[in-house]
Amino acid sequence: PLLLSQEGRCLYVILLMALYWCTEALPLAVTALLPIVLLVCQQYFLDTNFLFLSGLIMASAIEEWNLHRRIALRVLMLVGVQPARLILGMMLTTSFLSMWLSNTASTAMMLPIANAILKSLFGEKDTSKDKNRENEENQASLQQNKLYTVPTEMQFLASTEDKDLTEEKEVASDTVSDLKKEEEYKTNIWKGFLISIPYAASIGGTATLTGTAPNLILLGQLKSYFPECDVVNFGSWFMFAFPLMLIFLLLGWLWISILYGGINLRSWRSNKSTIRVDAEARAREVIKEDYQKLGPTKFAEQAIFFFFCLFAIMLFSRDPKFIPGWASLFAPGFISDAVTGITIVIILFFFPSQKPSFRWWFDLKAPNTETQPLLTWRKAQETVPWNIILLLGGGFAMAKGCEESGLSVWIGGRLHPLEGVPPPVAVILVTIVIALFTEFASNTATIIIFLPVLAELAIRLKVNPLYLMIPGTIGCSYAFMLPVSTPPNSIAFSSGHLMVKDMARTGLLMNLMGVLLLSLAMNTWAKSIFQLGTFPAWANIHAENATSLLPAVENVTLSAL
């Protein structure tokens, strides 16, 4: 009977899209086009889509002039070249870039930098002539596994300190066991570097609304389900998610550094060897050399940096909620985040990439040459991932179909067993379920499927819908355990230095930390930012509408019997 009703047909479309998204039988963006045929099509260019488009265009301009690479190398020059500091520098830089660029682009840019630094720290070095055959075999096996090797401190000491034959044999016997420890240390440091980058990209993407697609899907579905909800915008989201990102990033850095040997109390107590000092000096030179290859800062880079800062400041200050924003100078609803973002990125298409000369206006013989803008439309076409825009549209159309068909009401009617769950426990359960689900499915597809259910569950529990929808949204970005979980994980895994068990054991605790930190955030500072302590009027209106629709939905179902 359900399949014959309107909500049943909508459920069929949603299950079909969910199946295609999870199995990728069709490209994700192509599957997202199905609602145009089967449901509605006006959801494909909402205000939220244009906000995301403005972020993608700004990211294209930053990548066009290599500003992101200059920022990354500069940060690495400042943090130092000790392994733990470099891992911290990598994570801070990647997370910051991921706030504005895509997680995949941030990871793809940082991994080559990490590899160059690792080669300078643990790259091949001429070994001593009296090295025994066993050591050579060990190094050969490591090189087959694509791990870079250098002589250990024990080898170095054995070749230079004592020429006495008896003592030399003793040192050689000690070297066999110490070599394994040293190679294990270098292997772990290498893994720590590579695994920290995709994790930082996933964490950093949660800090801004434009940082990753699930954040914007939340915003779009809020406007569909709860049109009167205006508490989530770029500024309020940043106030909530940025502190969470910093705390998670710091704890994640400590966990990765301890697990992979970047932080070692023994090394702090002892003086550094000559080899370790030389390796760090080479790493420092590699970073400095890469930075110098960029040349002096160009006018275009300065202009992009200015517009990037303006982009962030204007979005943050439009309506930060805790103080009146500049949007209060206009009529309510006249200025949105999308209007702000698109206005700034439009300037990129005509602002000159070279410093303009005012002499041209007074020199009649000056050549009339065309000036290249900061960003051309051809470049934007090539670099902007338009498939993500379609994916967002498909998600919004699915949400609208759930609402209009009455499927969301039907789902809500099946959630009676969960009405007795305490809200703080519900937050933890929701985050765990979604974090596990997203390990095997696309983050975007996961949140599109789960948000309607979370909205109805919140209404059944009589809590602010944001209290469950925000943890669900951020939780789907906490995919750390498998290479297939996210594109950044796949990129890092494809380097050949990581194994599935490395990601699984590291990601398990990362997932647990993410769930607990998210629960802490939702029950502390998020309550004041999003007014989570009360059941809001905008949710009440939706609940009343759902109640009025419920008898009609039941009648349709019964009449089909």
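In terms of accessible area, using a 1.4 Å probe and ignoring ligands and nucleic acids, Cys10, Cys41, Cys309 rank largest first as Cys41, Cys309, Cys10. Rolling a 1.4 Å probe over the protein chains gives Trp326 an accessible area of about 60 Å².
Counting 0.36 nm for each residue step from Arg378 to Phe334 and taking away their Cα separation leaves a gain of 12.8 nm. So if R0 is 25 Å, what FRET efficiency would Ala537 and Phe242 give, r being the distance between their Cβ atoms, rounded to the nearest 0.05? Computed FRET efficiency for Ala537 and Phe242: 0.35. The local environment of Ala108, defined by Cβ-Cβ distances under 14 Å, has a net charge of 0 under the rule Lys, Arg +1 and Asp, Glu -1.
Calculate the spin-label point distance for Glu404 paired with Glu419, positioning each point 7 Å from the Cα along the beta-carbon direction, and give it in nanometres. If labels sit at Glu419 and Glu404, their model points lie 3.0 nm apart.
The share of accessible area on the stretch 40-124 that comes from carbon and sulfur is 62 percent, using a 1.4 angstrom probe. Solvent-accessible area of Phe334, all protein chains in place: 130 Å² (probe radius 1.4 Å, heavy atoms, ligands and nucleic acids excluded). Rolling a 1.4 angstrom probe over the protein heavy atoms with all chains in place gives the stretch 295-429 an accessible area of 59 Å² per residue. Taking every protein chain into account, the 1.4 Å probe leaves Ser317 with about 40 Å² of accessible area, to the nearest ten.
The values are calculated or read from the model by the stated rules, or taken from the named source; none is laboratory data. Predicted, not measured: the structure shown is a model, and the values here were computed from it. FYI the Cβ positions are ideal-geometry reconstructions off the backbone, even for glycines, and counts take in every protein chain you see. Remember, those area values only see protein heavy atoms, side chains included, never the ligands or the DNA or RNA. Shrake-Rupley method; radii C 1.70, N 1.55, O 1.52, S 1.80 Å.
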